[in-house]
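Notes follow the structure.
The values are calculated or read from the model by the stated rules, or taken from the named source; none is laboratory data. Remember, predicted model here, so these are calculated numbers, not experimental data. With ideal geometry, Cβ positions are generated from the backbone for all residues, glycine too; neighbour counts draw on all protein chains shown.
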Amino acid sequence: MIKGKFIDNLPRVYGIYTGGFLAFIIIMAIGEQMGMTKYAIGVCFVAFTIFIYALIGWLSRTAQADAYYVAGRQVPTVFNGMATAADWMSGASFVAMAGGIYFKGYGYMALLVGWTGGYVLVASLLAPYLRKFGCYTVPDFIGTRYGGNLARFSAVVVLTVASFTYVTAQINATGTIASVALDIEFQYAVYIGLISILLCSMLGGMRGVTWTQVAQYIVLIIAYLLPVFWISNKMGAGFFPHFMLADEVARIGELEQQFGFVKNSAADLATVPKGLAGITKAHSAVNATPWAFISLALAMMMGTASLPHVMMRYFTTPSVKAARKSVGWSLFFIFLLYSSAPMLATLSKLSLIDPTLSTGIIGKSIAEVQSIDWYQNWNQANLMFISDFNGNGTVELNEFFMGGKAVVLATPEIAGLPYVISGLVAAGGMAAAMSTADGLILAIANAISHDVYYKIIDPKAETAKRLVVARVLLVVIGFAGATIAAMEIQGILGSVIWAFDFAMSGLFFPLVLGVWWKRANRQGAVAGMLGGLAAGTWYLVWVRTGGSGFLGITQLTFGIFGSAVSLVAMVIVSLMTQAPDAATQKMVDEVRVPSGKTILGKQ
Amino acid sequence: MSNQTKHWEKSRTLLFITLAIWFVFSIGIFLFGAEMNEVTGPFGYPWTYWFTCQGSLGAFVILIFWFANRQEKIDEEFGFSEREDE
């Protein structure tokens with residue numbers, strides 16, 4: 001209906017959309033001047049953006065398998081890059097990453113390198129070849145390349161474990177934001193988040209998710225960059241923070257020297273609410289051993305190249321060539337946000353700890369800080385806390401605690417920006433978490449509906465029936481995710497990092513060797529997937545239950561152990577069993593050549 | 001040697017070059033993180049800090065576009081590039 005025309009008009013459609021969104025921000029700013037309450041502004045931002053996404057989701061409804069699974073394979077390079085960036089940048093990137101850097105400094109900046117460097121692996125090792133394959137899902141590739149239901153099913157298992165871990169974190173993030181912005185209990189806010197997520201993907205599948213993700217990228221990048229530039233200018237730190245914060249970074253180092261990192265006693269720490277942390281590590285000094293930094297970066301890079309919801313975005317491009325370029329555009333759009341995260345952490349930290357700034361709270365009296373408006377709000381939300389441990393009446397660096405999520409969400413308020421910016425940031429965080437959750441839930445539901453139901457259980461199922469199954473699964477998985485998210489087992493950043501480790505343990509080598517090693521066979525792949533996943537999971541459980549670990553591999557990098565086991569198992573078992581037949585070898589040859597029909601298109 | 005074998009050999013060489021550059025920016029320089037951070041780098045940031053915030057990230061973006069262009073040239077050279085309307 002709108003299809004052909006819609007694709008040609010994309011720049012115009014999203015140009016108007018961006019203009020409309022900016023106009024909306026201005027209207028809200030005027031509303032604030034005229035006395036709109038903070039609550040009303042927060043509700044308007046969240047409700048308006050979700051309404052737009054739901055509208056896009058409804059307009060993209062479809063009854064065709066090709067549109068539902070791969071958006072009709074006609075998403076242009078640059079727009080697919082934007083959609084991937086939104087798909088990729090989750091609540092963890094938007095809400096939690098700057099917080100991680102704020103608290104842990106250099107050690108957590110490994111995430112910046114890991115979550116970008118992985119795209120080089122995606123572009124060079126996998127994306128173009130999987131696009132040539134012409135599959136609907138990642139297990140579709142594994143199942144066809146290696147053959148057999150067991151290989152296909154193993155891939156579905158790994159995909160589900162990794163994506164499900166990831167999605168609970170995203171639903172948790174949408175719940176946090178909805179509960180703060182709409183002022184409702186977290187347990188209920190989680191389900192509001194979930195319903196908004198399902199509105200985008202239920203009717204249109206991949207097509208709906210693609211066009212909402214582009215819209216969500218635009219919201220989230222504006223919401224992230226605007227406060228960074230504004231705060232930097234307001235503080236007089238420089239009009240282009242990325243190139244001008246060297247003095248501020250150095251100043252934080254000085255202040256850290258001056259205050260020192262006082263270690264709190266266990267008894268004192270026990271009074272701090274769960275989940276809040278203080279600043280205990282230097283901001284820019286290299287305080288991690290090279291291996292701690294490199295192992296975290298490496299785990300995130302290999303995890304990136306194994307996460308099915310990202311890989312599946314490159315199935316939607318019109319050609320192999322476009323898939324490659326599209327990876328570049330994805331990373332460019334991600335770069336815009338990631339290079340700003342450390343700047344935001346720097347500005348946020350300096351405005352809080354520098355006593356010479358009016359916003360600084362270190363050195364002020366406890367009573368004075370407790371009477372600040374924003375402190376009361378965030379303290380009430382259980383995301384901020386001060387306590388006079390040494391009894392001297394003033395706030396010290398070690399006496400101030402904050403939740404990781406609060407760094408991004410509260411900074412505009414702390415820096416004295418109008419509340420409209422806080423509303424915008426809430427909408428941005430919501431967009432980031434929703435877009436990723438949509439991609440993940442869709443990846444799981446598609447894998448189960450396409451690979452388990454259609455390919456294994458009922459290969460004769462009609463398209464209409466397959467799509468009904470896919471949609472039912474979408475809802476079931478969403479609700480399961482929300483139920484677990486409501487229990488709050490692990491923080492946002494922690495669960496996301498685990499998801500990467502699970503994915504790389506089971507899928508990295510079976511995917512890469514499927515293209516790059518002809519000799520890899522079914523038995524090897526199954527051993528690699530199941531062995532890797534089992535080894536990684538075992539290591540995680542072992543370390544969590546008091547195990548000492550080895551080689552400096554922690555619970556955040558257990559994928560390094562899992563994937564090593566996966567590689568060894570896959571190579572040994574492959575070599576011990578029969579080489580793949582001639583037809584499979586020929587198929588691999590064809591995957592390596594961009595021209596011609598897709599592999600699955602021929603069958 | 002067939003056309004296809006030659007094409008794959010060239011593609012593989014390109015992959016190794018790409019991965020070598022990737023290794024330098026993602027792992028290599030961080031082996032010397034502590035030493036490099038003593039030296040002032042671009043825009044006045046310490047070198048390691050700058051690479052983690054901007055340098056390596058930017059290098060990856062450029063590297064992917066460079067890789068995509070080189071691979072397209074290789075595909076064209078052996079007549080394996082896609083026709084526009086495919």
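Examine segment B:65-85 for a residue that is part of a helix (DSSP H, G or I) and farther than 30 Å from A:LYS586 by Cα, and state whether such a residue exists.
Looking for residues that are part of a helix (DSSP H, G or I) and farther than 30 Å from A:LYS586 by Cα, one finds none in segment B:65-85, hence no.
Within segment A:109-128, track down each residue that is modelled with pLDDT under 90 and either surrounded by fewer than 24 Cβ atoms within 10 Å (Cβ to Cβ) or in contact with a Lys or Arg (Cβ under 6 Å, 6 or more places away or on another chain) (or both).
A:PRO128
Which ones in segment A:280-301 are more than 11 Å from chain B (Cβ to nearest Cβ) and in contact with an Asp or Glu (Cβ under 8 Å, 6 or more places away or on another chain)?
Of everything in segment A:280-301, just one residue is more than 11 Å from chain B (Cβ to nearest Cβ) and in contact with an Asp or Glu (Cβ under 8 Å, 6 or more places away or on another chain), namely A:ALA299.
Hey, could you check segment B:39-51 for residues that are surrounded by fewer than 19 Cβ atoms within 10 Å (Cβ to Cβ) and more than 7 Å from chain A (Cβ to nearest Cβ) and say which is nearest to A:PRO594 (Cα to Cα)?
B:PRO42
Say we look at segment B:26-38 and pick out the residues that are farther than 12 Å from B:TYR49 by Cβ and within 7 Å of another protein chain (Cβ to nearest Cβ); which of these is nearest to the chain's Cα centre (by Cα)?
Here the residue is B:SER26.
Does A:PHE389 qualify as being of a type outside the set (S, T, N, Q), over 29 Å from A:VAL167 (Cβ atoms) and in contact with an Asp or Glu (Cβ under 8 Å, 6 or more places away or on another chain)?
yes
Taking the criterion of being of a type in the set (D, E, K, R), part of a helix (DSSP H, G or I) and either touching a Ser or Thr at 6+ places or on another chain (Cβ under 7 Å) or in contact (Cβ under 8 Å) with a residue 24 or more places away in the chain (or both), would at least one residue in segment A:510-518 satisfy it?
Within segment A:510-518, none of the residues are of a type in the set (D, E, K, R), part of a helix (DSSP H, G or I) and either touching a Ser or Thr at 6+ places or on another chain (Cβ under 7 Å) or in contact (Cβ under 8 Å) with a residue 24 or more places away in the chain (or both).
Among the numbered conditions (1) more than 7 Å from every other protein chain (Cβ to nearest Cβ); (2) crowded, with 20+ Cβ neighbours inside 10 Å; (3) within 18 Å of B:LYS6 (Cα to Cα), tell me where B:ARG70 comes up short.
Answer for B:ARG70: the failing condition is (2).
Hey, can you tell me all the residues within segment A:80-111 that are within 14 Å of chain B (Cβ to nearest Cβ), closer than 14 Å to A:TYR338 by Cα and touching a Phe, Trp or Tyr at 6+ places or on another chain (Cβ under 6 Å)?
If the condition is that a residue be within 14 Å of chain B (Cβ to nearest Cβ), closer than 14 Å to A:TYR338 by Cα and touching a Phe, Trp or Tyr at 6+ places or on another chain (Cβ under 6 Å), then A:ALA85, A:GLY100, A:ILE101, A:ALA110 are the ones that fit.
One residue is enough: does segment A:343-352 have a residue meeting the conditions of a type in the set (Val, Ile, Thr), in contact (Cβ under 8 Å) with a residue 12 or more places away in the chain, under 30 Å from B:GLU72 (Cβ atoms) and assigned to a helix (DSSP H, G or I)?
no
If you scan segment A:536-584, which residues turn out to be in contact with a Phe, Trp or Tyr (Cβ under 6 Å, 6 or more places away or on another chain) and of a type in the set (A, V, I, L, M)?
A:LEU540, A:ILE553, A:LEU567, A:MET570
Would segment A:249-257 turn up any residue that is farther than 20 Å from A:MET343 by Cα and not charged (D, E, K, R)?
Within segment A:249-257, one or more residues are farther than 20 Å from A:MET343 by Cα and not charged (D, E, K, R).
Taking only segment A:119-144 into account, find how many residues are facing chain B (nearest Cβ under 9 Å) and of a type outside the set (A, V, I, L, M). Give the steps one after another, and end with the answer.
From segment A:119-144, those facing chain B (nearest Cβ under 9 Å) are A:119-125, A:128; that's our starting set.
Imposing the further condition that a residue be of a type outside the set (A, V, I, L, M) reduces the set to A:119, A:124, A:128.
Number of matching residues: 3.
Can you tell which of A:ALA445, A:ALA432, A:ALA426 is in contact (Cβ under 8 Å) with a residue 12 or more places away in the chain, assigned to a helix (DSSP H, G or I) and more than 13 Å from A:PHE94 (Cα to Cα)? Give the steps one after another, and end with the answer.
Working: A:ALA432 fails: more than 13 Å from A:PHE94 (Cα to Cα); A:ALA426 fails: more than 13 Å from A:PHE94 (Cα to Cα).
A:ALA445 is the lone residue from the list that is in contact (Cβ under 8 Å) with a residue 12 or more places away in the chain, assigned to a helix (DSSP H, G or I) and more than 13 Å from A:PHE94 (Cα to Cα).
Would you point out the residue of segment B:1-22, among those that are more than 9 Å from every other protein chain (Cβ to nearest Cβ) and surrounded by 13 or more Cβ atoms within 10 Å (Cβ to Cβ), that is farthest from A:LEU121 (Cα to Cα)?
Here the residue is B:LYS6.
A:GLY134 versus (1) in contact with a Gly (Cβ under 6 Å, 6 or more places away or on another chain); (2) surrounded by 24 or more Cβ atoms within 10 Å (Cβ to Cβ): which is the lone unmet condition?
A:GLY134 satisfies all of (1) in contact with a Gly (Cβ under 6 Å, 6 or more places away or on another chain); (2) surrounded by 24 or more Cβ atoms within 10 Å (Cβ to Cβ) except (2).
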